[in-house]
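K.L.:
Sharing a structure with you now.
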Amino acid sequence: MRRLISELPRPQPRASLDDCNCAAVRPSVEGGCELNQWFEHLTEQVALAHDEAAVRATLEKLSQEAGFGAYAYLSLQAETHTAISNYDIEWQQRYLERAYASIDPVVRNARDKLEAFAWSNEASLRMSKERRAFYGEAGEFGIRSGITIPIKAGFGRMAMLTLASADADFAQGQQLNPVLAASAVAQLHARLEGLGAKPTFRTPIRLKSDELTCLRWSAEGKSMRAIAIIENTTYANVAFFIRNAKAALGATTLPQATAMATKFGLI
């Protein structure tokens with residue numbers, strides 16, 4: 001996992017979580033005046049943003065003002081990830097198509113801790129070859145350190161905002177009020193959801209026509225047996241198509257798969 005950078009006061013490190021250096025970060029509630037003001041400004045500007053373009057412009061402008069070169073808002077639902085970011089387009093596409101979220105230590109730490117933290121992609125010999133390769137790729141696109149603020153978004157979902165820098169040491173010493181930061185990110189998430197913001201990239205979801213057909217009939221309130229009759233096929237075939245659709249979406253139930261397919265504009 002990317003080495004987490006402690007903030008003042010320096011916390012006691014915890015045991016390593018995987019094949020790299022890792023220490024929990026306890027952000028300072030006091031101090032960090034500039035960054036705290038940044039999150040206050042983010043809250044205000046997002047509230048004033050009248051459309052998606054205005055929110056993106058706000059994130060771009062404020063991330064630059066804070067000294068970070070880039071931002072990334074990531075929404076995670078089941079195994080599907082949606083990103084709104086100004087990271088290099090090639091990196092965003094590669095990240096989602098190769099499912100890098102499954103090995104990204106920032107995402108893994110956010111899932112485990114659900115608290116604001118600073119990170120650096122400084123590699124070590126203790127890391128796996130796969131992890132070191134990931135760091136190298138991210139560094140090529142100017143992503144070497146940053147801060148990440150994860151939040152729960154309800155109904156098993158979570159979201160996070162990352163401010164990234166090309167300087168591997170930039171995030172060190174950054175201080176913030178974790179409550180203020182989480183509140184600002186929660187409002188950003190709610191605003192983007194309310195505006196129906198179109199993601200920069202989303203995890204590729206590949207469903208076959210039979211699978212989409214079954215999900216669409218399910219969205220229309222038809223049972224699996226009814227779908228089998230309508231489509232002149234067997235119940236076993238419908239169950240097979242729906243099982244594959246759920247796996248592709250990362251859903252555990254048919255209602256969840258139907259809701260996700262509808263939300264993503266697949267049916």
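K.L.:
Listed highest first by mean packing, meaning other Cβ atoms within 10 Å per residue, what order do 101-107, 166-172 come in?
P.N.:
101-107, 166-172
K.L.:
Give me the mean projected area, in nm² to one decimal, of the convex hull enclosing the Cα positions of region 209-263.
P.N.:
3.2 nm²
K.L.:
Grab the Cα-Cα distance for ARG225 and ASP112, subtract it from 0.36 nm times how many residues apart they are, and report the gain in nm with one decimal.
P.N.:
Contour length minus Cα-Cα distance gives 36.6 nm.
K.L.:
Still on this structure: Arranged from highest to lowest average of other beta-carbon atoms within 10 Å per residue, in what order do the peptides 127-137, 208-218, 150-160 appear?
P.N.:
Highest mean packing first, the order is 208-218, 150-160, 127-137.
K.L.:
In 5 Å bins starting at 0, how do the alpha-carbon pair distances of region 89-176 split up by percent?
P.N.:
Values per bin, smallest distances first: 3, 13, 22, 27, 21, 11, 4, 0.
K.L.:
State which entries of LYS61/LYS198; LYS129/LYS246; LYS208/LYS263; LYS113/LYS263; LYS222/LYS246; LYS198/LYS222 exceed 22 angstrom in Cα-Cα distance in the structure shown.
P.N.:
Pairs exceeding 22 Å: LYS129/LYS246; LYS113/LYS263; LYS198/LYS222.
K.L.:
With r as the distance between the Cβ atoms of ASP167 and ARG126 and R0 = 30 Å, compute the FRET efficiency 1/(1 + (r/R0)^6) and round to 0.05.
P.N.:
The pair ARG126/ASP167 has a calculated efficiency of 0.80.
No lab work stands behind these numbers, since they all come straight from the coordinates. Keep in mind that this is a model prediction, so the values were computed, not measured. Here Cβ is always computed from backbone atoms with ideal geometry, including for glycine, and neighbour counts include all displayed protein chains.
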